[in-house]
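In what follows, a structure is listed as structure tokens, so that the remarks can point back to it.
The values are calculated or read from the model by the stated rules, or taken from the named source; none is laboratory data. Owing to the predicted nature of the structure, the values given are computational and were not obtained by experimental measurement. Glycine also receives a Cβ, built like all others from the backbone with ideal geometry; neighbour counts cover every protein chain displayed. What goes into the accessible areas is simple: the full protein's heavy atoms, side chains included, and nothing from ligands, DNA or RNA. Shrake-Rupley method; radii C 1.70, N 1.55, O 1.52, S 1.80 Å.
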Amino acid sequence: LDPVVEHYSIKHYGGVNRVRCMPQQQNIVATWSDTGKVNLFNVESILQRFAASSGKGALQQSEIPSKPFFSYTKHRTEGYAIDWSRVKQGQLLSGDCEGDIHLWTPREDGGGYTVTPSYHANEKTKNTGGIPSVEDLQWSPTEATVFASAECGGYIRVFDIRAPGRSMLNHQVHENGSDVNVLSWNHLVTNLIASGSDDGVMSVWDLRKFSGDNISPLARFTPHQSPISSVEWHPTDESMVAVTDDMGAYIYDLSVEEDESAMTPGKLDIPPQLLFVHSGSEQFKEVHWHPQISSCLMTTAVSGYSAFIPSNL
């Protein structure tokens, strides 16, 4: 049988730079617009339609939302970085291309959000003439007050919202100044963070060794020929990570050890940890693991969506 894709559309003012749903309440969806607005939508009516069409519930006569129930317009420019906390329900971060990070806290009366401009761009990036953009944000999977940022100029910073206005850790992880585009915090081994950068390098960092002057990654992979556009740890396998660049989606297994005796001089340098490559789409943007089907992934690209199960997983 051919797959059937059921979909509904919501009008959105401006292009959608990034979209994320709240982990604890997945009908609440946040979008970053290229107009500089961050919007919150309640898509409960759409989820009810999906459930009814699959025979899992009765169709409720509720309208598909025509506008967000909350919009925030105090960012100075557009952005891409946005992340919901998995520890504290409703807590959100948004970061823009001017290097500002805003903290969202739900009001106790349920009447929207209190949004506070909390952190600013890395001064070292500004002083060297670089663009102080925040490219990605990730909340800690276990601590309600800790998050990390990926920034232009090659920086990764770690913050604690109990210490406003400054970062707790601040390191230029790429000496060549290549922008860090994306981050993923391992939910199973919580001292590990994976990053992807503009020079096509994917790295894994151990936060227990993320202090001092000489910071080195736990692992670093360089077979990519274009910027890394997304990275995501497997939800149930602590050593597996999915990555995309412009050309494809890649599955790495960090538990695979390198066999130097099997390496052939002059051959293409493909790391043994690279298990699978999925291609065929135009300009891959994001990859995500299915939360219930452990070997299934989905990608977004300029040419459309793709869902697949690697043959060797």
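Per residue, the chain reaches -1000 deg cm²/dmol at 222 nm when only DSSP H runs of four or more residues are counted, each adding -39500 (n - 2.57). Please list log₁₀ I(q)/I(0) at q = 0.11, 0.20, 0.22, 0.23 Å⁻¹ for region 70-172, using the Debye equation with identical point scatterers on the alpha-carbon positions. Calculated log10 I(q)/I(0) at the listed q: -0.31, -0.99, -1.18, -1.27.
From the square roots a ≥ b ≥ c of the eigenvalues of the alpha-carbon gyration tensor of region 141-193, which class results: rounded (a/c under 1.5), prolate (a/b over b/c), or oblate? Walk me through the numbers before you get to the answer.
Details: a/c = 2.62, a/b = 1.32, b/c = 1.99.
It comes out oblate by the Cα gyration axes.
Could you work out what % of the accessible surface of the chain is carbon and sulfur, using a 1.4 angstrom probe and leaving DNA, RNA and ligands out of the count? Don't skip to the answer; put the middle values down first.
Numbers: 7940 of 16390 Å².
Looking at the chain in its full context, I get 48 percent from C and S.
Taking only C-alpha pairs under 8 Å that are 6+ residues apart, what is the relative contact order of region 9-166 in percent? The partial results should precede the final answer.
Details: 355 pairs, mean separation 25.3, N = 158.
Once normalised by length, the contact order is 16 percent.
In this label model, Glu258 and Asn191 are separated by 2.2 nm, measuring between points 7 Å along each Cα→Cβ vector. Would you mind telling me which residue in Arg49, Arg20, Arg157 has the biggest mean-square fluctuation in a Gaussian network model of the chain, where springs connect alpha carbons within a distance under 10 angstrom? Comparing Arg49, Arg20, Arg157 in a Gaussian network model of the chain, the most mobile one is Arg49. Going by Cα centres, region 142-204 and region 1-20 are how many Å apart? About 29 Å separates the Cα centre of region 142-204 from the one of region 1-20. Peptides 3-14, 26-37, ordered by how many other C-beta atoms sit within 10 Å of their residues on average, highest first, read 26-37, 3-14. Among Cys152, Cys296, Cys97, the residue with the largest mean-square fluctuation in a Gaussian network model of the chain, with springs joining Cα atoms closer than 10 Å, is Cys296. FRET efficiency for the pair Phe70 and Ile270, taken as 1/(1 + (r/R0)^6) with r the Cβ-Cβ distance and R0 = 41 Å, rounds to 0.30. The simple Förster model, with R0 at 45 Å and r as the Cβ-Cβ distance, assigns Gln24 and Ser279 a FRET efficiency of 0.80.
Over the C-alpha atoms of region 167-284, the Rg to Rh ratio, Rh being the Kirkwood estimate, stands at 0.96. Tell me, what is the percent relative contact order of the chain, built from C-alpha pairs under 8 Å that lie six or more residues apart? RCO, the chain: 8 percent. Rounded, prolate or oblate: which fits the chain when a ≥ b ≥ c are the square roots of the eigenvalues of the alpha-carbon gyration tensor, with rounded for a/c under 1.5 and prolate only if a/b beats b/c? Oblate is the answer for the chain, as a/c is 1.5 or above yet b/c matches or exceeds a/b. The length gained by stretching the chain between Ile215 and Met168 to full extension, at 0.36 nm per residue less their Cα-Cα distance, is 15.4 nm. Annotation: amide H-H contacts under 5 Å for Asn181 (H modelled 1.01 Å from N, sequence separation of 5 or more, or interchain): Gly196, Ser197, Asp198.
Beta carbons within 10 angstrom, averaged per residue: use that to sort the peptides 53-59, 77-83, 164-170, highest first. All intermediate terms of the calculation are to be shown ahead of the outcome.
Details: 53-59: 9.7, 77-83: 20.9, 164-170: 13.3.
Final packing ranking: 77-83, 164-170, 53-59.
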